[in-house]
Amino acid sequence: MRPSIEDRFPRPSVMGVVNVTPDSFSDGGVNFRPDDAVTAARRLREEGAAIVDVGGESTRPGSEGVSLDEELRRVVPVLEALQGEVPVSIDTAKAEVASRALALGAELVNDVTALRGDPDLPEVVASSEACLCLMHMQGEPRTMQHNPIYADVAGEVAAFLEERLRFAVEVGIREERICLDPGFGFGKTMEQNFELLARLDEIVALGRPVLVGLSRKRSLGRVLGDPEATTGPLSASLAAAVEAYGRGATIFRVHDVREHVEALTVAAAVSP
Ligand code: HH2
């Protein structure tokens, strides 16, 4: 039997991002060819990633999504090449993509819809030994940044994740296989993202490991003074990751693995 998510991903663990897409917000097109994606995944693993997150659909603000066939066409050759060599997470909301990925050895299903997208996905995860990441998103990628409104961003995100955790457990997914993600940038303004980061302990208090995806997010460019920024720089990503570590985050989903492993190693040496 596979270990629990806590045993598999000690704090801090780094998840490397491999986007097999032409249009991801910070690295669209870089790894669109399967060979390039496979090379990148191997490199991220060597740089210290505990797992690499392979995705075939961009969820950047304004994104329309891709068909099942297209998503499979993008990710399956990459998963086939990495099987047995590099630990893989599949970034998808589609049951069929998750199912194929799990058959090819993926260990974790990263569903940005938190099991609200494809009605068949809960059963696919429940009938496997895979880990699951449940992420908060207000709205959907196409429109989520239009005018996100919260009365209490951290309280609402925590309540949502608690409800999705309960749902996942009710459909038969073991709690020790589930991690939670506040979904930075998914239907949140810059101010809301920073408040959520400041109050990350309220998400950690739900009792499950917390995964954060702050890497290169646009709020990190905007806080530096460019109101139109669509990405943030590495320096700001590292600062955000260290802040999240200090508030209890466990898994860090990042594009620049080596630098994050180094920064988080220092953070962990100071406060294990
Ligand atoms: N962010 C992105 C995609 N998937 N999954 C989780 N769990 N948390 C995140 O914060 C998260 C995620 C967006 O980043 P990226 O994959 O680089 O971009 P795109 O969606 O444009 O492919």
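General observations
- Test for residue 209: is it open to solvent by less than 40 Å² (accessible area, probe 1.4 Å) and under 27 Å from residue 45 (Cα atoms): yes
- If you filter region 123-158 down to residues that are out of contact with any Asp or Glu (no Cβ under 9 Å at 6 or more places or on another chain) and part of a helix (DSSP H, G or I), you find that the one that is most open to solvent (accessible area, probe 1.4 Å) is 123.
- Scanning region 186-206 for residues that are open to solvent by 60 Å² or more (accessible area, probe 1.4 Å) and either outside any loop (DSSP other than H, G, I, E, B) or among the hydroxyl-bearing types (Ser, Thr, Tyr) (or both) turns up 191, 194, 195, 201, 202.
- Qualifying residue in region 5-28 (condition: within 14 Å of the ligand (Cβ to nearest atom), aromatic (Phe, Trp, Tyr) and more than 19 Å from residue 107 (Cα to Cα)): yes
- Single residue of 177, 253, 247, 166 found to be under 18 Å from the mean Cα position of the chain (by Cα), of a type in the set (Lys, Arg) and surrounded by fewer than 22 Cβ atoms within 10 Å (Cβ to Cβ): 247
- Criterion: out of contact with any helix residue (DSSP H, G or I) (no Cβ under 7 Å at 6 or more places or on another chain), within 12 Å of the ligand (Cβ to nearest atom) and within 20 Å of residue 241 (Cα to Cα) - qualifying residue of 137, 144: 137
- Residue satisfying condition, being under 30 Å from residue 193 (Cα atoms), at pLDDT 95 or above, within 11 Å of the ligand (Cβ to nearest atom) and open to solvent by 10 Å² or more (accessible area, probe 1.4 Å), within set 54, 112: 112
- Filter result for residue 172 (at positive phi and within 12 Å of the ligand (Cβ to nearest atom)): no
- Just one of the listed residues (183, 221) is open to solvent by less than 50 Å² (accessible area, probe 1.4 Å), on the phi > 0 side of the Ramachandran plot and within 15 Å of the ligand (Cβ to nearest atom), namely 183.
- Of all residues in region 147-169, those satisfying the criterion of being of a type in the set (A, V, I, L, M), at pLDDT 95 or above and more than 12 Å from the ligand (Cβ to nearest atom) are 151, 153, 154, 157, 158, 159, 165, 168, 169.
The values are calculated or read from the model by the stated rules, or taken from the named source; none is laboratory data. All values derive from a computational prediction rather than experimental measurement. Methodologically, a virtual Cβ is constructed for each residue, glycine included, from the backbone with ideal geometry; neighbour enumeration extends over all protein chains shown. For accessibility, only protein heavy atoms count, side chains too; no ligands or nucleic acids. Shrake-Rupley method; radii C 1.70, N 1.55, O 1.52, S 1.80 Å.
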